[in-house]
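Below is one structure, written out as structure tokens; the observations come after it.
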Amino acid sequence: MKNFIVFLIVLVISSISFSQVIDENYFKENPEVYFKFLISDRSEISTLTRIISIDNVEGNLVYAYANENEFREFEKLNYSYTVL
């Protein structure tokens with residue numbers, strides 16, 4: 001149990017450190033963004049596919065594409081993400 005708690009703490013800290021914010025200038029130069037993020041359960045994918053285009057899922061790691069409108073909707077879900 002102690003190892004699990006330590007793992008969760010490390011995961012949260014690493015997610016926060018890799019979390020990014022994309023401003024409006026990003027989409028002036030790029031039609032879409034490619035990014036990755038973690039989910040806690042695969043059942044989340046059904047909701048996410050209505051918002052963004054999922055490219056691949058490896059365990060709980062999701063790779064996805066989104067245009068500006070899709071990405072802004074995704075950001076409202078408060079996932080930590082990394083732009084690739």
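Report the Stokes-Einstein translational diffusion coefficient (µm² s⁻¹, integer) for the range 17-67, Rh taken as the Kirkwood radius over Cα pairs, at 25 °C with viscosity 0.890 mPa s.
Here the translational diffusion coefficient equals 205 µm²/s.
Counting Lys and Arg as +1 and Asp and Glu as -1, what is the net charge of the other residues whose Cβ lies under 10 Å from the Cβ of I22?
-3
How much net charge surrounds P31 when only the other residues with a Cβ under 14 Å from the Cβ of P31 are counted, with Lys and Arg +1 and Asp and Glu -1?
-4
If you stretched the chain out fully between E68 and K36, how much longer would it get, using 0.36 nm times the residue separation minus the C-alpha to C-alpha distance?
Answer, rounded to one decimal: 10.0 nm.
Every read-out reported here was derived from the displayed coordinates using simple, explicitly stated rules and does not represent laboratory data. Quick caveat: nothing in here was measured; it's all calculated off a predicted structure. Don't worry about glycine lacking a Cβ; one is built from the backbone with ideal geometry, like all the others, and counts go over all protein chains shown.
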